[in-house]
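Participant: Here's a structure for you.
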Amino acid sequence: MRRPDTIEKLYLDFDGFFASVMQQAIPALRGLPIGVIPFDVQGRQADSTVIIACSKEAKTFGVKNVMPVPDARACCPELILVPQQPDLFRRANATLLNEINCEIPIEAIKSIDEMTCGLDGGDIAAPHDLAGRIKARIAKNVGPYITCSIGMAANRLLAKIACKVNKPNGITIWKPASMPGPLLTRPMSDVPGIGSSMQHRLAAAGITTMPQLWDSQPKHLRAIWGNVNGERMWYAIHGYALHAMPTERSMFGHSRVLPPELRNLSKARECSRLLLTKAARRMRRGGFRANSLSLWLSLSEDGWGKSCDLPAVMDDMAIQRALDGLWRRAMSDLPSKSKAYVVSTALGGLSDISMRQGDLLLDDDRERRRSERITNTIDGLNAKFGKRVVTIGPWSDLALAGGKIAYNRIPSAEDFW
Ligand SMILES: [Mg+2]
């Protein structure tokens, strides 16, 4: 395995992304403690929800992300609750990615506010200049209220850990020659993949500090993890070049930027059906069921998006029926002449395909099993005889029309949307 002797990866994480985007877009919110909430509710009605993101001003009062609203109000009585604007976040993400791509190609998008890049010779020689250019460009072309932290190191995992060190708006460069010094002062919880349950398992094995983790053996970590990820983590913190760590998937989705002739609701609907068929097929291949379905439309002025729960399904019938339900809501919410520019569908809340129990409340087990058998048969025929010898409903090339958008995963805050 290769152990680079220079920095090779950059990790960029926006600081308090959702709240800072709101403050950039809405000047009246700047400098104030704000908490972003998932619904448009105020007063006591908001008590049953949680803060999905808060501004740095709110953080100084002790408000935290994913905090129940009454607790956040107890920390900060002046807290201003603002309903989230998913389409604003999505557009901000697209704009920011464009700006970063002008300075350095983005290698992977890790979530709505995190991404990584590979460094080339000039960047490696002058990393602070590169970080400064990215920050200056965002401040000038998007706005100074949206800041980011940047870490650079031999591999992606170390760059991500470094990225946290000087948050917010920081630049942290861990050259291999200076390692492991700065890493050893960090808490183990800074390492991606070491959450509270892994910390308990490590503690049971006598590992409670970063130096102890560093001094452990790869095989030992593999045993503690119960899989190869523990061993990979050992090599990553020791500065070896590794391909991306396999992460747990949280969604299967497809998006398309629609070409002008398809920018009406009925074509967008047809396109979404095909995109979702493809997403569902990939989900089954990955061995998952979905517990939620989302549909997003970017319209000329704003956006429309709704999600619905699914009873851990994998069959096309249940999934397409749920999509029809979301479209009925879209059709009643939106003017019939609305123009849709982007259509996105996503299956989320994934669970193991073999794990479904019949839903007693829905009493749908017999019907579900039948639909699942049909779906498996169709997948089997398509696998054997070509991609689309059997489809549910007509198949057209609409699914291939327009530009593709890849969301690597839905960010965790979106789990509340
Ligand atoms: Mg962030």
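The values are calculated or read from the model by the stated rules, or taken from the named source; none is laboratory data. Keep in mind that this is a model prediction, so the values were computed, not measured. Because the Cβ atoms are built from the backbone with ideal geometry, glycine has one as well, and the counts that use them run over all protein chains shown.
Participant: Of all the helices (runs of 4 or more DSSP H) wholly in the range 8-75, which have at least 3 residues that are in the same structural domain as K167 (by TED's automatic domain parsing) and free of Cβ contacts under 8 Å to residues at least 24 places away in the same chain?
Facilitator: 69-75
Participant: Can you find a residue that is within 26 Å of A92 (Cβ to Cβ), under 22 Å from the mean Cα position of the chain (by Cα) and at pLDDT 90 or above anywhere in the range 349-361?
Facilitator: Within the range 349-361, not a single residue is within 26 Å of A92 (Cβ to Cβ), under 22 Å from the mean Cα position of the chain (by Cα) and at pLDDT 90 or above.
Here is a yes/no grid of residues against (1) farther than 26 Å from A92 by Cβ; (2) away from the ligand (no atom under 14 Å from the Cβ):
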site: S149; (1), (2): no, no
site: R156; (1), (2): no, yes
site: A162; (1), (2): no, yes
site: S178; (1), (2): yes, yes
site: S189; (1), (2): yes, yes
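Participant: Is it the case that I171 is surrounded by 17 or more Cβ atoms within 10 Å (Cβ to Cβ) and either away from the ligand (no atom under 14 Å from the Cβ) or under 19 Å from R3 (Cα atoms) (or both)?
Facilitator: In short, yes.
Participant: Condition first: in contact (Cβ under 8 Å) with a residue 24 or more places away in the chain, over 20 Å from K267 (Cβ atoms) and surrounded by fewer than 18 Cβ atoms within 10 Å (Cβ to Cβ). Now tell me which residues in the range 312-347 satisfy that.
Facilitator: Of everything in the range 312-347, just one residue is in contact (Cβ under 8 Å) with a residue 24 or more places away in the chain, over 20 Å from K267 (Cβ atoms) and surrounded by fewer than 18 Cβ atoms within 10 Å (Cβ to Cβ), namely M317.
Participant: Residues being assigned to a helix (DSSP H, G or I) and either touching a residue at least 24 places away in the same chain (Cβ under 8 Å) or of a type in the set (K, R) (or both): count how many of those fall in the range 131-158.
Facilitator: Summing the residues that are assigned to a helix (DSSP H, G or I) and either touching a residue at least 24 places away in the same chain (Cβ under 8 Å) or of a type in the set (K, R) (or both) in the range 131-158 gives 12.
Participant: Let me ask something additional. Please go through the range 164-206 and give me each residue that is in contact (Cβ under 8 Å) with a residue 24 or more places away in the chain, assigned to a helix (DSSP H, G or I) and closer than 19 Å to M115 by Cβ, ordered by number.
Facilitator: Residues satisfying the conditions are K164, D190.
Participant: Let me ask another. Which one is nearest to the ligand (Cβ to nearest atom), of the residues in the range 100-127 that are under 27 Å from I52 (Cα atoms) and part of a loop (DSSP other than H, G, I, E, B)?
Facilitator: Only one residue fits best here, namely D113.
Participant: Any chance you could count how many residues in the range 1-25 are more than 16 Å from the ligand (Cβ to nearest atom) and touching a helix residue (DSSP H, G or I) at 6+ places or on another chain (Cβ under 9 Å)?
Facilitator: Going through the range 1-25 one residue at a time, the tally reaches 9.
Participant: Within the range 82-101, is even one residue of a type in the set (S, T, Y), out of contact with any Ser or Thr (no Cβ under 8 Å at 6 or more places or on another chain) and free of Cβ contacts under 8 Å to residues at least 60 places away in the same chain?
Facilitator: The answer is yes; a qualifying residue exists.
Participant: Scan the range 305-317 for residues that are closer than 17 Å to G287 by Cα and out of contact with any Asp or Glu (no Cβ under 7 Å at 6 or more places or on another chain) and report the count.
Facilitator: Qualifying residue count, the range 305-317: 4.
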